[in-house]
Amino acid sequence: MSGGTDPARGARGGWSRRRFVGAAAGTAAAASVPARAMAAVPLEPATTPESPAPESSAEAAPRPAAPRPLFLGTYTSVENGGTGIGLATYDPESGRITGAGTVTGVGDPSYLALHPDGRTLYAVNEREDGGVTAIRLGGEGKPHQVLGTRSTGGAGPCHLSVHPSGRWLLSANYGSGSVAVHPIDASGTLGERTDLVTHSSPAPGPGQQGPHAHQFVTSPDGGHVLAVDLGTDTVYTYRLDLTRGTLTEVSRDRTRPGAGPRDLAFHPGGRYAYLANEVDNTVAVCAYSPATGRLSIGEAQSTGTGSGTSYPAQFVVSADGRFAYLANRGHNSLTRYAIEADGARLRLLDTVPVAGDFPRQIALSPYGNLLFAANQRSSTVSVFRVDPASGELRLAGEPFASPVVVCALPL
């Protein structure tokens with residue numbers, strides 16, 4: 001990602017230190033959350049049979065009572081890191097997490113994605129010789145099964161997603177600035193790579209020595225796939241040939257120089273998206289054209305974290321399209337925005353402490369009532385209850401300890 005000044009990165013555009021970000025904290029992988037950070041966030045009482053969870057001001061949708069699966073991405077090549085993909089469950093009302101073991105045999109699974117049919121999990125292997133791994137999920141007493149790993153053709157893959165068709169896996173190689181496509185067969189197994197595109201132009205942005213692809217996702221309409229590249233300050237739009245698995249570039253849209261775009265999240269209406277800019281600590285509303293794939297990047301807006309650099313990491317948007325949340329790693333906070341004008345406007349509401357150190361990734365539960373934050377340097381997962389009326393976040397209890405956790409995927 002960014003070179004030089006970002007503590008999450010290595011020397012001038014290298015990716016190796018990116019893997020080892022939080023290594024100092026990783027030497028105390030079960031580190032406790034700073035008391036000051038914990039005290040600053042209102043704690044929601046845990047749900048027990050004697051003390052039911054308080055309802056929000058809006059009517060809550062019915063949710064399953066049984067614990068739900070939670071998968072945790074980790075780094076395995078750092079001191080006191082994980083040993084694979086962490087397995088846990090969470091209470092769908094209280095958010096309380098309970099550990100349930102590990103899927104071993106998967107190296108540096110720093111980002112996770114689920115197949116649309118819910119039967120196969122995919123993980124990047126964020127290493128110099130990058131790979132993507134498929135895991136068949138067990139059930140009814142059957143263990144999870146590692147199906148195999150395929151090369152991404154690049155270094156340091158840090159993001160992956162499954163095309164809505166369920167037939168293609170998209171991955172982004174941070175270190176080499178490239179994006180890859182792999183076929184998925186009926187069993188969920190990955191085939192050999194069908195395409196690899198390196199972002200050779202435009203020239204790297206200020207402070208960068210090369211491209212750094214950070215995200216590769218499908219647009220809500222399914223007509224395009226978009227790659228966010230921090231190194232070139234560009235979002236590339238491609239058409240994916242659904243028969244051959246090949247990419248054709250149709251648009252490239254640039255941020256202001258030095259913004260360092262990292263993560264894009266679409267509004268459910270499909271016409272707008274929200275871009276987190278890691279290097280200059282800003283966000284932007286983007287208009288998206290389903291017809292052309294063009295992304296028109298708007299003016300820079302505040303993350304609510306004040307002066308300095310807080311390395312915003314990831315956006316998530318509520319299913320009803322009313323609120324957006326942003327993880328700020330340097331500031332150790334979550335920013336809440338109101339979404340207005342049918343998705344065309346973000347209005348900053350507040351920030352809350354994340355009760356951990358370096359929130360690398362955030363995710364909403366399927367019912368939208370819980371938000372999970374994977375805090376890399378404190379090796380913890382924080383869980384927040386989400387008020388459906390106001391979007392307000394309230395910490396749901398003590399964070400869950402997990403070695404060098406960088407991704408939380410609640411099902």
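The values are calculated or read from the model by the stated rules, or taken from the named source; none is laboratory data. Values in this document were obtained by computation on a predicted structure and should not be read as measured data. Cβ coordinates were reconstructed from backbone atoms using ideal geometry, including for glycine residues, and neighbour counts include every protein chain displayed. When the accessible area is computed, the model is the full protein with side chains, heavy atoms only, and any ligands, DNA or RNA have been set aside. Shrake-Rupley method; radii C 1.70, N 1.55, O 1.52, S 1.80 Å.
Computed quantities for the displayed model
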{"quantity": "Filtered residues of segment 255-310 (kept if touching an Asp or Glu at 6+ places or on another chain (Cβ under 9 Å), part of a loop (DSSP other than H, G, I, E, B) and among the β-branched types (Val, Ile, Thr))", "calculated": "Thr255, Val279, Thr309"}
{"quantity": "Where Tyr337 falls short, out of the listed (1) open to solvent by less than 10 Å² (accessible area, probe 1.4 Å); (2) closer than 18 Å to Pro268 by Cα; (3) assigned to a strand (DSSP E or B); (4) touching a Pro at 6+ places or on another chain (Cβ under 9 Å)", "calculated": "(4)"}
{"quantity": "Residue tally, condition within 17 Å of the chain's Cα centre (by Cα) and either surrounded by fewer than 24 Cβ atoms within 10 Å (Cβ to Cβ) or not hydroxyl-bearing (Ser, Thr, Tyr) (or both), over segment 368-411", "calculated": "20"}
{"quantity": "Enumeration of residues in segment 354-393 that are in contact with a Lys or Arg (Cβ under 7 Å, 6 or more places away or on another chain) and of a type in the set (Phe, Trp, Tyr)", "calculated": "Phe358, Tyr367, Phe384"}
{"quantity": "Of the criteria (1) in a loop (DSSP other than H, G, I, E, B); (2) of a type in the set (Gly, Ala, Ser); (3) under 21 Å from His214 (Cβ atoms); (4) open to solvent by less than 40 Å² (accessible area, probe 1.4 Å), which one Ser77 fails", "calculated": "(4)"}
{"quantity": "Options Thr305, Thr292, Thr335; residue that is without any contact (Cβ under 8 Å) to a residue 60 or more places away in the chain and under 22 Å from Leu409 (Cβ atoms)", "calculated": "Thr335"}
{"quantity": "Of residues in segment 293-316 being modelled with pLDDT under 95 and open to solvent by 20 Å² or more (accessible area, probe 1.4 Å), the one nearest to Val235 (Cα to Cα)", "calculated": "Thr309"}
{"quantity": "Arg262 being in contact (Cβ under 8 Å) with a residue 12 or more places away in the chain and surrounded by fewer than 21 Cβ atoms within 10 Å (Cβ to Cβ)", "calculated": "no"}
{"quantity": "Candidate set from segment 163-183 (those that are over 18 Å from Gly130 (Cβ atoms) and in contact (Cβ under 8 Å) with a residue 60 or more places away in the chain); member that is most open to solvent (accessible area, probe 1.4 Å)", "calculated": "Arg167"}
{"quantity": "Any chance Arg252 is part of a strand (DSSP E or B), open to solvent by 10 Å² or more (accessible area, probe 1.4 Å), out of contact with any Pro (no Cβ under 6 Å at 6 or more places or on another chain) and not aromatic (Phe, Trp, Tyr)", "calculated": "yes"}
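This table checks each residue for (1) closer than 18 Å to Gln301 by Cα; (2) open to solvent by 10 Å² or more (accessible area, probe 1.4 Å); (3) part of a loop (DSSP other than H, G, I, E, B).
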site	(1), (2), (3)
Arg193	no, yes, yes
Gly207	no, yes, yes
Val217	no, yes, no
Thr232	no, no, yes
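Listed here are the residues, each with its yes/no results for (1) open to solvent by 40 Å² or more (accessible area, probe 1.4 Å); (2) modelled with pLDDT of 50 or more; (3) under 20 Å from the mean Cα position of the chain (by Cα).
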{"site": "Ala11", "(1), (2), (3)": "yes, no, no"}
{"site": "Ala35", "(1), (2), (3)": "yes, no, no"}
{"site": "Arg63", "(1), (2), (3)": "yes, yes, no"}
{"site": "Leu87", "(1), (2), (3)": "no, yes, yes"}
{"site": "Leu112", "(1), (2), (3)": "no, yes, yes"}
